[in-house]
Amino acid sequence: MSTSDIGNNVIFKKQLGLNYEIDQKYVGLKMKENNILSFNFRVPGELKDEVEGYFKRFKMGEPILVDIGGTGDIRCEFKGLSPVLKNKNELDQYFISSTLQEDKQYNPLEEEKCETCSGCGFH
């Protein structure tokens, strides 16, 4: 994969290497106020228990990293999980939403900053 390619998977990373990887075709993302990220899953029944089980392992405020398509980790805190809802219009489709809050307090290492960084807005 070249540096300009974005992959097809979203990876959620819990401490101790407990990761969950899912195809982005099942994931929608909404950005809300105060750096709140709502990851909305529309999954078939075979994935419903996996998604719900993974996020049920988190406690409120626990750190979580999210890598969307191999673009790098976004540092967040877990804020909650919605109940699973069955799609009335589809035979085997379920909705579930995980709410995370992006950690804007992250201070990058010197080598991660751009060469001329003087508060460019990216760091």
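The LEU18 and THR71 beta-carbon pair, evaluated with R₀ = 22 Å, returns a calculated FRET efficiency of approximately 0.60. Surface listing: THR71, THR99 arranged by accessible area from highest to lowest gives THR71, THR99, probe 1.4 Å. Take ASP23: with every protein chain present and a 1.4 Å probe, its accessible area is about 50 Å².
Checking the a/c ratio against 1.5 first, then a/b against b/c, what shape does the Cα gyration tensor give for the range 1-85? It is rounded, given that a/c, with a ≥ b ≥ c, falls under 1.5.
The values are calculated or read from the model by the stated rules, or taken from the named source; none is laboratory data. As the structure is a prediction and not an experimental result, all values here were calculated from the model. FYI the Cβ positions are ideal-geometry reconstructions off the backbone, even for glycines, and counts take in every protein chain you see. Accessible surface is based on the protein model in full, side chains and every heavy atom, while ligands, DNA and RNA are left aside. Shrake-Rupley method; radii C 1.70, N 1.55, O 1.52, S 1.80 Å.
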